[in-house]
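The values are calculated or read from the model by the stated rules, or taken from the named source; none is laboratory data. Remember, predicted model here, so these are calculated numbers, not experimental data. Cβ sites come from the backbone with ideal geometry, for glycine too, and all protein chains shown count toward neighbours.
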Ligand SMILES: Nc1ncnc2c1ncn2[C@@H]1O[C@H](COP(=O)(O)OP(=O)(O)OP(=O)(O)O)[C@@H](O)[C@H]1O
Ligand SMILES: [Mg+2]
């Protein structure tokens, strides 16, 4: 088992697998004691496409983190993304059994809210309460202890493909560790980057990774929408490589070191020297910015469509927070602000003790969030030494909750 008070976040991303190990002190504060990152070689657009390569990358990342932290890792908290993720809002109503609402009533109403027929190849990953209504009083965060006869819950439900989740679970478990919990990646990133005030005001977290861009939209402290867009930083690089006919590795280097999404920043004679198949050649930085700018604009237009579609244009006063490695392209916050017509900033993970300064990079938002999720949930798990979550059991847990739901309906 993990050494005492050790929390581990494992982010299996499209470009990197990252593990961080934290330790909670007696004051409850987290100290980061180990980090392991390794290039990811088995994922496409957030989903596992090569089991062997994914296992190898996970192993290397875990090994590195274990060595640095000097502790044993046996349980991890992982993230999930990919274009198979689909989320929606739902609601349910129950009659309160006694006069005072207790936890059992809350559990029943949440089960009722997720009693929705979903395709047999999908499972519910999260069912997150937004707010409760007791009789006619809306906007209640925690109804336990209140008097009432009718309890209603609004929830945000996140579903994913059972087989794609199983593939990820299998890869992680093949390295000999157990999975404590699975969190949707933008929910984890939100935990690491957003303040409670931002979530209250209304904010859109946009995590631009390598293979996907993950959205989490918050309002009044509630998670109101999540979505995975299958476009990420790798698409920016591919565009450069194809449009300017340069090798992929050179395209990545140019993007990271010289790229921008604002062509107006460059004079026409601003060039950079690159190595191509035909030897060294000069590349116009204005042209590079035009290619990257077109892709970034397309991405933010997709985000805008999501906001318009959800009718959220006027409600998100906290603005936009960009995070993830892909958010580091020069000029991207300005472009997002222009397209989305809202204040936009770059979101860095909150800092904690220990090696936290190494983690001060937007590409580590998800993994830090996973560690924080594990801290939120671990007290219950830490005492249960027999807790296991093999892929079969995760699905088993799901079918139990579905059975419960069907019992409620029929
Ligand atoms: N300094 C930088 N400037 C521009 N882009 C960068 C920079 N650093 C990293 N990137 C880009 O960020 C992307 C990787 O981001 P990140 O590490 O957040 O992705 P990931 O978690 O592996 O992928 P995903 O979340 O999509 O599964 C790559 O496309 C990379 O080119
Ligand atoms: Mg990521």
Residue within the stretch 359-367 that is surrounded by fewer than 18 Cβ atoms within 10 Å (Cβ to Cβ) and outside the structural domain of residue 128 (by TED's automatic domain parsing) present:
yes
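Every residue, every condition in (1) away from ligand 2 (no atom under 15 Å from the Cβ); (2) more than 26 Å from residue 129 (Cα to Cα); (3) modelled with pLDDT under 95, yes or no:
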position	(1), (2), (3)
215	no, no, no
220	yes, no, yes
231	no, yes, no
238	yes, yes, no
241	yes, yes, no
In the stretch 167-226, anything within 16 Å of ligand 1 (Cβ to nearest atom) and more than 21 Å from residue 361 (Cα to Cα) is listed as 167, 168, 171, 172, 182, 226
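Scanning for something within 16 Å of ligand 2 (Cβ to nearest atom) and not assigned by TED's automatic domain parsing to the domain that holds residue 362, does the stretch 298-306 turn up at least one residue? Show your work before the answer.
Initially, the stretch 298-306 is screened for residues within 16 Å of ligand 2 (Cβ to nearest atom), giving 299.
Remaining after also requiring not assigned by TED's automatic domain parsing to the domain that holds residue 362: 299.
Yes, the stretch 298-306 contains a residue that is within 16 Å of ligand 2 (Cβ to nearest atom) and not assigned by TED's automatic domain parsing to the domain that holds residue 362.
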Considering the stretch 55-84 alone, what residues qualify as being within 12 Å of ligand 1 (Cβ to nearest atom) and more than 20 Å from residue 374 (Cα to Cα)?
57, 82, 83
Scan the stretch 342-379 residue by residue and report those that are farther than 17 Å from residue 207 by Cβ and within 16 Å of ligand 1 (Cβ to nearest atom).
358
Name the single residue, out of those in the stretch 330-341 being under 19 Å from residue 186 (Cβ atoms) and in contact (Cβ under 8 Å) with a residue 40 or more places away in the chain, that is nearest to ligand 1 (Cβ to nearest atom).
332
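Out of all the residues in the stretch 4-19, is one or more away from ligand 1 (no atom under 16 Å from the Cβ), assigned to a strand (DSSP E or B), within 20 Å of the chain's Cα centre (by Cα) and within 30 Å of residue 83 (Cα to Cα)?
Residues of the stretch 4-19 that are away from ligand 1 (no atom under 16 Å from the Cβ), as a first pass: 4-8.
Those still in the list that are assigned to a strand (DSSP E or B) too: 6-8.
Now narrow it down to the ones that are within 20 Å of the chain's Cα centre (by Cα): 7-8.
Then keep just the ones that are within 30 Å of residue 83 (Cα to Cα); that gives 7-8.
Yes - at least one qualifying residue is present in the stretch 4-19.
Would you mind finding the one in 322, 285 that is touching a strand residue (DSSP E or B) at 6+ places or on another chain (Cβ under 7 Å), surrounded by 16 or more Cβ atoms within 10 Å (Cβ to Cβ), under 30 Å from residue 8 (Cα atoms) and at pLDDT 95 or above? Outline the logic, then answer.
On the way: 285 fails: under 30 Å from residue 8 (Cα atoms).
Answer to the check: 322.
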Any residue in the stretch 152-174 that is assigned by TED's automatic domain parsing to the domain that holds residue 129, buried (at least 21 other Cβ atoms within 10 Å of the Cβ) and over 17 Å from residue 85 (Cβ atoms)?
yes
Residue hits (the stretch 172-193; away from ligand 2 (no atom under 16 Å from the Cβ), closer than 22 Å to residue 377 by Cβ and modelled with pLDDT of 95 or more) are 173, 175, 176, 177, 178, 179
Which number in (1) within 29 Å of residue 123 (Cβ to Cβ); (2) at pLDDT 95 or above; (3) touching a strand residue (DSSP E or B) at 6+ places or on another chain (Cβ under 6 Å) marks the one condition that residue 55 misses?
(3)
Condition test on residue 329, is it surrounded by 15 or more Cβ atoms within 10 Å (Cβ to Cβ), at pLDDT 95 or above and closer than 26 Å to residue 220 by Cα?
no
Can you tell me how many residues in the stretch 129-188 are without any contact (Cβ under 8 Å) to a residue 12 or more places away in the chain and within 18 Å of the chain's Cα centre (by Cα)?
0
Taking helices (runs of 4 or more DSSP H) that do not extend beyond the stretch 105-214, which have at least 3 residues that are touching a strand residue (DSSP E or B) at 6+ places or on another chain (Cβ under 6 Å)?
162-173, 185-193
Name the residues in the stretch 23-42 that are within 16 Å of ligand 2 (Cβ to nearest atom) and in contact with a strand residue (DSSP E or B) (Cβ under 7 Å, 6 or more places away or on another chain), would you?
35, 36, 37, 38, 39, 40, 42
